[in-house]
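The values are calculated or read from the model by the stated rules, or taken from the named source; none is laboratory data. Nothing here was measured: the structure is a model prediction, and the numbers come from that model. Cβ coordinates were reconstructed from backbone atoms using ideal geometry, including for glycine residues, and neighbour counts include every protein chain displayed. Note: accessible area is taken over every heavy atom of the protein model, side chains too, but ligands, DNA and RNA are not part of it. Shrake-Rupley method; radii C 1.70, N 1.55, O 1.52, S 1.80 Å.
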Amino acid sequence: MIVRIMGEGQVSLADGHLAELSKLDDELLAEMENGDGPGFRRTLQALLTRVRDLGDPLPDDSLEPSELILPSPDATLEEVRELLSDDGLIPG
């Protein structure tokens, strides 16, 4: 799966990592629903860090279609809310 972190680039991520990332996504969704700004910021950073750690960066000149687009590390709660589907940022 190709994942884009807005403002950073793309990584190739094995589908086997989606369950772990989905747990962080569920936490992020709950914090957003509760208006927990500090929790939201902490969990968003944790989610993006795991994607970076687990994924293999694609070259900067690579323009692969992204199957998943994640917000930038400095995205606001409102900006992330606009990106959400019913399942959160990570489908499934």
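By the compact-protein rule of thumb, 2.2 N^0.38 Å, the alpha-carbon radius of gyration of the chain corresponds to a ratio of 1.02.
On full extension, the segment bounded by A30 and T76 gains 15.0 nm, given 0.36 nm per residue less the C-alpha separation. Rolling a 1.4 Å probe across the protein heavy atoms gives the chain an accessible surface of 57 Å² per residue.
For the chain, the antiparallel share of DSSP beta bridges with both residues in that region comes to about 70%.
Between the Cα long axis of helix 37-54 and the first principal axis of the chain there is an angle of about 20°, rounded to the nearest 10. Distance between the 7 Å Cα→Cβ label points at T49 and L63: 3.4 nm.
Would you work out what percent of the accessible area of the chain, with all protein chains in place, is carbon or sulfur (probe 1.4 Å)? Mind dumping the intermediate values first?
On the way: 2640 of 5250 Å².
C and S fraction of accessible area: 50 percent.
Relative to the longest principal axis of the Cα atoms of the chain, the long axis of helix 18-33 makes an angle of roughly 30 degrees. For the chain, the 222 nm mean residue ellipticity estimated from helices alone, with every DSSP H stretch of n ≥ 4 adding -39500 (n - 2.57) and the total spread over all residues, rounds to -14500 deg cm²/dmol.
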